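The structure appears right after this line, and notes come after that.
The values are calculated or read from the model by the stated rules, or taken from the named source; none is laboratory data. None of the values given here were measured: they were computed from a predicted structure. Cβ placement follows ideal geometry from the backbone for every residue including glycine, while neighbour counts extend to all protein chains displayed.
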Amino acid sequence: MDIRKTRTMILDQGDPEEKRAEILDYFHKTFDLDERLYETLKSDAAFYLRADRLRHPLIFYFGHTATFFINKLTLARLIETRIDPRFESMFAVGVDEMSWDDLSVGQDDWPTREAVKAYRDKVRERVDALIRSLPMTLPITWENPFWAILMGIEHERIHIETSSVLIHQLPLDQVVQHPFWEICREAGEPPQNRLLPVPGGKVVLGKAENYALYGWDNEYGRREAEVEGFKAGEFLVSNREFLGFVEAGGYRDSKWWTEEGWKWRGFKQAEHPLFWVKGGGERGGWGLRTMLEVIDLPWNWPVEVNYLEAKAFCNWQAARTGLPIRLPTEDEWYRLRDVCDIPDQPFWEKAPGNINLEYGSSSCPVDLFRSGDFYDVIGNVWQWTETPIYPFHGFRVHPWYDDFSTPTFDTRHNLIKGGSWISTGNEATRDARYAFRRHFFQHAGFRYVESSAPVVIHQDSYETDALAAQYCDAHYGPEHFGVANFSVACAAACLEWMKNRAKGHALDLGCSVGRTSFELARGGFSKVTGLDLSARFFRLATRMQEEGSLRYALLEEGEICSYHETGLEDLGLDKYRDRVNFFQADACNLPEKFTGYDLVLATNLIDRVYSPRKFLAHIHQRINPGGVLVLTSPYTWDEAHTKKVEWLGGYRHAGEPVETLEGLKELLAPHFRLLGEPRDLPFVIRETRRKFQHSVAELTAWELKG
């Protein structure tokens, strides 16, 4: 079975049962390929090394790709029971969104490799059975159950590449050569790079929701742009060409670097590209660290650098030549690809570049794969662009994976285009849009262009996601119709119950964009932790904590928006920022570290989670003796969020109505006593200037029994 040359699938045609078999084959080949990668580690100890201090050790990613399936299938309500809740919280989130100067060391109680492998085997068995049994209809679209399975497969293929980058950074004595991962052995001197014309023209980016291939949410929507004519390098920048920058003292001269780049260079004390090995060649010259060995530096292979290094080279090249040299924009890269008329995967018969693992397990010379007048328009290494990722017009967040794209819409993540030798599946398609922090390494190099056209940064500093903006307004905006701010009212009610009680650590579950957490800190809690499963909310709460302000756009009517800004200082909350921290987590499967609270507040949560019974059955374990649990909810039970068997009320039993308060009393009685009487707390959500949701939540407080 050849697990290399697999391709993402066409989802809108074919026989349904043949498509089922194709998905099953794609799933197993993906799982096999991922595990084949980890066979390059010399021993179990290598799984626990931090190849990059900003990333987890590889044991995390070994578990993460498997737990992703279970977490997403649970969220999509395709499975009802987990395999290992501890693993499925430990390996759930926290992959790469750390800045280059974050020296956090993370946890040190990872499970054994054998335990994670056993878990992976169980996941494989569970997903295999699901693929075989789910009803199959075509086309497979966003709402189709098989989309969740494809999401897991394509996600694992992303991590095959990102994990290979971490293995690339491990000490050489921690890896072993492997015949499956044999590298290209062609090397020599590169041809002279030339700037060749690319005619201007129109580019159309984005795809419709009924597109035939799987896609991540940021690929959908539409953008049309007229691109001015420009010149582009015939080849990717080779190691030989980049050597000129190194030998000219480029790493020691701040004038070529952006402020961010120079800070990174100083932090890393970089003197040359990361994978160059000084004195590592056979004759003492330059060597190159490939994923599993050090070889003589192949001068005609593309250099691998991060954006900051690529940008510095372009600035140096511009000064040296007197030409307006820079990196291409995303639009210009698409224009180049369109001019070269490159077919898309999976519609090619043979990969038209060093991509999809079809030609080996490393880069190769820059003059092997020609498309039109240019080489390596796709494949070999990813190509950095000047464009920070942004949403197209019509962008929608996929509800099963709302933290794939939205955390990167911050102008700090630049797009890479074209794929590398190990880019497979969705990564190797025309519409793929992946973006990384500018200091990251990702089998990436660059091609420079000559153009005087201005670089447009799509920097919408106002939050435009409709739901997120509504909650920014609800938390931090003005009152509507005389209804008190709900977040402030929740905090005030909690503080009433906490009179004469310890106010050490509070947990704000379902914290949304964070106002209640700040109010609890103002009310005397020395530490407040806010948790939310939604990335769109969590990232805004974190931004408010880190930057002290938020800007958001509210819909007025039609396409007309109004723009708003709010800050903690204006609300008298700025001095409490240091007491508050936000994390992304699943309330029904909390990581073990979230424990020891004097107060747990679950705001409008129980009727929006998939297992409120499980949440409430275990929450007492997180609370200190004598601590308080506060619940608010409008009890809007809906099977779209929670299966009826999990409802705490709102149904009939033996012909009699069961209200949620009755269900709460029964479920919480073993560990809690009700404090006082329930109270009503109204809240208003503004949808447009003339449309509002007015709801009433019931608030109950429960004391943990001694």
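If the condition is being of a type in the set (A, V, I, L, M) and surrounded by 15 or more Cβ atoms within 10 Å (Cβ to Cβ), then the range 649-669 contributes V658, L661, L664, L667, L668. Is it the case that the range 559-582 has a residue that's buried (at least 19 other Cβ atoms within 10 Å of the Cβ), farther than 18 Å from N485 by Cα, hydroxyl-bearing (S, T, Y) and under 23 Å from the mean Cα position of the chain (by Cα)? Scanning the range 559-582, I find no residue that is buried (at least 19 other Cβ atoms within 10 Å of the Cβ), farther than 18 Å from N485 by Cα, hydroxyl-bearing (S, T, Y) and under 23 Å from the mean Cα position of the chain (by Cα), so the answer is no.
The rows are residues; the columns are (1) within 20 Å of L667 (Cβ to Cβ); (2) free of Cβ contacts under 8 Å to residues at least 60 places away in the same chain; (3) assigned by TED's automatic domain parsing to the domain that holds E687.
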| residue | (1), (2), (3) |
| --- | --- |
| G572 | no, yes, yes |
| F615 | yes, yes, yes |
| I619 | yes, yes, yes |
| R622 | yes, no, yes |
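Just one of (1) in a loop (DSSP other than H, G, I, E, B); (2) surrounded by fewer than 19 Cβ atoms within 10 Å (Cβ to Cβ) fails for P190. It is (2). Just the residues that are surrounded by fewer than 20 Cβ atoms within 10 Å (Cβ to Cβ) and out of contact with any Phe, Trp or Tyr (no Cβ under 7 Å at 6 or more places or on another chain), please, taken from the range 364-387. L368, R370, S371, G372, D373 - these are the residues of the range 364-387 that are surrounded by fewer than 20 Cβ atoms within 10 Å (Cβ to Cβ) and out of contact with any Phe, Trp or Tyr (no Cβ under 7 Å at 6 or more places or on another chain).
With respect to being within 17 Å of V628 (Cα to Cα), in contact with a Gly (Cβ under 7 Å, 6 or more places away or on another chain), at pLDDT 95 or above and assigned by TED's automatic domain parsing to the domain that holds S549, A521 falls outside the description. For beta carbons closer than 8 Å, sequence separation of 6+ or different chains, a first residue in the range 356-384 that is free of Cβ contacts under 8 Å to residues at least 40 places away in the same chain and a second that is among the small types (G, A, S) and buried (at least 24 other Cβ atoms within 10 Å of the Cβ), the qualifying pairs are F369/G353; F369/G379; S371/G353. When F594 is tested against (1) in a loop (DSSP other than H, G, I, E, B); (2) more than 23 Å from the chain's Cα centre (by Cα), exactly one condition is not met: (2). Scanning the range 373-430 for residues that are among the hydrophobic types (A, V, I, L, M, F, W, C) and over 26 Å from F230 (Cα atoms), we see that the one that is farthest from the chain's Cα centre (by Cα) is W421. Counting the residues of the range 213-225 that are closer than 15 Å to M151 by Cα and over 19 Å from the mean Cα position of the chain (by Cα) gives 1. Does R438 count as farther than 20 Å from T8 by Cβ and not assigned by TED's automatic domain parsing to the domain that holds F538? Taking the combined requirement at face value, the residue satisfies it.
Restricting attention to the range 623-645, report how many residues are of a type in the set (A, V, I, L, M, F, W, C), over 30 Å from N500 (Cβ atoms) and either in contact with an Asp or Glu (Cβ under 7 Å, 6 or more places away or on another chain) or in a strand (DSSP E or B) (or both).
Going through the range 623-645 one residue at a time, the tally reaches 1.
Checked against the criteria, F672 does not count as of a type in the set (F, W, Y), closer than 25 Å to L533 by Cβ, in contact (Cβ under 8 Å) with a residue 60 or more places away in the chain and buried (at least 17 other Cβ atoms within 10 Å of the Cβ). Among the residues making up the range 45-61, those that are closer than 12 Å to R113 by Cβ and either in a loop (DSSP other than H, G, I, E, B) or over 18 Å from the mean Cα position of the chain (by Cα) (or both) are A45, A46, F47, Y48, P57, I59.
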